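K.L.:
The structure's right below; bear with me while I get my questions together.
The values are calculated or read from the model by the stated rules, or taken from the named source; none is laboratory data. Only a predicted model underlies this, so the values are computations on that prediction, with no experimental measurement involved. Note: ideal-geometry Cβ built from the backbone for every residue, glycine included; neighbour counts use all protein chains shown.
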Amino acid sequence: MMSTPFFQSINPFDNSTIETYGLLQDESLFAKINLARESFKLWKNTSIQERTALLKKVADILRTKKDFLSNLVTLEMGKLLSESKAEIEKCAWVCDYYSENAELFLRDEIIETEATRSYVKFEPLGPLLAIMPWNFPFWQVFRFIAPSLAAGNTILLKHAPNVCGCSLAIENLLIESGIPQGVFQSLIITHEQASKVISHDAIRGVTLTGSERAGRIIGAVAGRHLKKCVLELGGSDPFIVLEDADIEKAAEVGMQSRLFNAGQTCISAKRFIIHQSIYDSFIENCIAYFHKLKKGNPLEPQTTIAPLARKDITDTLKSQMTQAMEKGARLLQGGQTEGCYFDPAILTHINTDMEVFKEETFGPLTTILKAKNEGAAISLANASNYGLGASLWTTDLKKASLLTGKIEAGCVFVNSLVKSDPRLPFGGIKNSGHGRELAKQGIHEFSNIKTVYIS
């Protein structure tokens, strides 16, 4: 007799099993897709004022249940509890943002032509599939669903297998807010079943936040079935520090960026490119920052460095580090592993042939390169197949403004770490994907931008 397939949620801190979740069978899956299609008929005709009012209720529930939800996030994927609480607050913020701005963003745009009246309308596309990762199990979902629900689309969520509890909790709180049944549904399904969802006639678009490899697979399936697709993929973000920068501040913020979420974020600083005149001083400041870190139970307030979400992620990072050292990189500190823990490490003597330069490093591994001048720094920054974010440090803001135009990335932050913000469009170029989330651009990605011409 065959056993029922399932996913398990494992606490990365102590390897204990939190919960076991049975997978949806295809019959139930297709019933949910059909429900999303039927619910769309109601939801798209619900007034924008009603939809945004419900989003506001979602924000209120997120804040009311912040302690419960943040505890769940930390248990399932291991991040610091303080970071989990900040994530829930950010989800409430994005709901507030679209509840306040969606009506403006979706308003008809008048275009002056020879017609009696010509304008652009923004209408919902229909049921959408969201394939989301584990590293920000609430935020990654909400930064997509807040604008998409406000626009009038219905959503099916295929979340990462290790955060099924978070996935179902999101569905429950949306139902609690009063959003009609079928408008948002969580699917506990495999990658193979996700392909069946994309190919289904009812589905009008798909968004993926994940790895470059996953993006190629999902993009190919979506393209084969002519479905709208937004891909937010990996990053190998450069952190460029020029000789006139505030070294202490740059090092502090750089390490915050590298170690936030235990380094498991696509927009964390990964390749530190430092002007040769301040190279040694920058490294000293980084090491001093590392010495203040304290690992432990991520639920405890004194813990400042958390485990990685899964053992295989730790093993991959260790392998990348080892390969670099075999090619001449020097390990200044850290790099030891125990279970899901990876002691924050610093590698120097990096060259462009090393995997740690060419690949995304998803964890607390800092790679530091020396640049002889600002031109060399920009060349190193652009010598990557990725183009998500970049951070540039200099006190000369006029020069900074010029250099931002030379950096190949979806966003450049000057004298700041790279971050996502509901008010600013977010996304990458090159192998970091295509399309934009958040801001006005994010709500238009899954809208039918319809031209109306009346003569």
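K.L.:
Does I111 satisfy the condition of being surrounded by fewer than 21 Cβ atoms within 10 Å (Cβ to Cβ) and at pLDDT 95 or above?
P.N.:
Yes: the conditions hold for I111.
K.L.:
List the strands (runs of 3 or more DSSP E) inside the range 388-455, counting only whole elements, that have at least 2 residues being in contact with a Cys (Cβ under 8 Å, 6 or more places away or on another chain).
P.N.:
The qualifying strands (runs of 3 or more DSSP E) are 389-393.
K.L.:
Would you mind listing the helices (runs of 4 or more DSSP H) fully within the range 236-327 where at least 3 residues are surrounded by fewer than 21 Cβ atoms within 10 Å (Cβ to Cβ) and acidic (D, E)?
P.N.:
Answer list for the range 236-327: 311-326.
K.L.:
Mind listing just one residue for me: the one in the range 214-235 that is over 21 Å from H444 (Cα atoms) and basic (K, R) and, of those, surrounded by the most Cβ atoms within 10 Å (Cβ to Cβ)?
P.N.:
Out of the qualifying residues, it is R216.
K.L.:
Right, another one. With respect to the numbered conditions (1) free of Cβ contacts under 8 Å to residues at least 12 places away in the same chain; (2) assigned to a strand (DSSP E or B), which one is the sole condition not fulfilled by F68?
P.N.:
Going through (1) free of Cβ contacts under 8 Å to residues at least 12 places away in the same chain; (2) assigned to a strand (DSSP E or B) one by one, F68 breaks only (2).
K.L.:
In the range 378-403, which residue that is closer than 30 Å to G210 by Cα and in contact with a Leu (Cβ under 7 Å, 6 or more places away or on another chain) is surrounded by the most Cβ atoms within 10 Å (Cβ to Cβ)?
P.N.:
S391
K.L.:
For L156, state whether it is in the same structural domain as K227 (by TED's automatic domain parsing), within 19 Å of the chain's Cα centre (by Cα), under 24 Å from H200 (Cβ atoms) and not acidic (D, E).
P.N.:
Here the answer is yes, as L156 does meet what is asked.
K.L.:
A further question on this structure: Output the number of residues of the range 328-373 satisfying the condition of being closer than 19 Å to F282 by Cβ, surrounded by fewer than 20 Cβ atoms within 10 Å (Cβ to Cβ) and of a type in the set (D, E, K, R).
P.N.:
Matching residues across the range 328-373 total 2.
K.L.:
Taking the stated definitions as given, is F357 outside any helix (DSSP H, G or I), touching a residue at least 24 places away in the same chain (Cβ under 8 Å), touching a strand residue (DSSP E or B) at 6+ places or on another chain (Cβ under 7 Å) and not charged (D, E, K, R)?
P.N.:
no
K.L.:
Filter the range 79-131 for residues that are in a strand (DSSP E or B), out of contact with any Lys or Arg (no Cβ under 6 Å at 6 or more places or on another chain) and among the basic types (K, R) and give the result.
P.N.:
R117
K.L.:
Considering only the range 370-419, how many residues are touching a helix residue (DSSP H, G or I) at 6+ places or on another chain (Cβ under 6 Å), under 23 Å from Q264 (Cβ atoms) and either free of Cβ contacts under 8 Å to residues at least 60 places away in the same chain or among the charged types (D, E, K, R) (or both)?
P.N.:
Adding up the residues that qualify gives 1.
K.L.:
Considering only residues that are assigned to a helix (DSSP H, G or I) and basic (K, R), look in the range 50-65 and name the one that is farthest from P137 (Cα to Cα).
P.N.:
R51
K.L.:
Got at least one residue in the range 97-120 being acidic (D, E), within 30 Å of A160 (Cα to Cα) and in contact with a helix residue (DSSP H, G or I) (Cβ under 6 Å, 6 or more places away or on another chain)?
P.N.:
Scanning the range 97-120 turns up no residue that is acidic (D, E), within 30 Å of A160 (Cα to Cα) and in contact with a helix residue (DSSP H, G or I) (Cβ under 6 Å, 6 or more places away or on another chain).
K.L.:
With respect to the numbered conditions (1) under 24 Å from T64 (Cα atoms); (2) surrounded by 23 or more Cβ atoms within 10 Å (Cβ to Cβ); (3) among the hydrophobic types (A, V, I, L, M, F, W, C), which one is the sole condition not fulfilled by I175?
P.N.:
The one condition I175 does not meet is (2).
Condition check ((1) closer than 23 Å to M255 by Cβ; (2) basic (K, R); (3) assigned by TED's automatic domain parsing to the domain that holds L293) across all residues:
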{"position": "T316", "(1), (2), (3)": "yes, no, yes"}
{"position": "R330", "(1), (2), (3)": "yes, yes, yes"}
{"position": "I346", "(1), (2), (3)": "yes, no, yes"}
{"position": "D353", "(1), (2), (3)": "no, no, yes"}
{"position": "I378", "(1), (2), (3)": "yes, no, yes"}
{"position": "S384", "(1), (2), (3)": "yes, no, yes"}
{"position": "W393", "(1), (2), (3)": "yes, no, yes"}
{"position": "E408", "(1), (2), (3)": "no, no, yes"}
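K.L.:
Here's a check for you: in the range 173-217, which residue that is without any contact (Cβ under 8 Å) to a residue 60 or more places away in the chain, more than 23 Å from the chain's Cα centre (by Cα) and part of a helix (DSSP H, G or I) is farthest from L128 (Cα to Cα)?
P.N.:
Going through the qualifying residues, I end up with I175.
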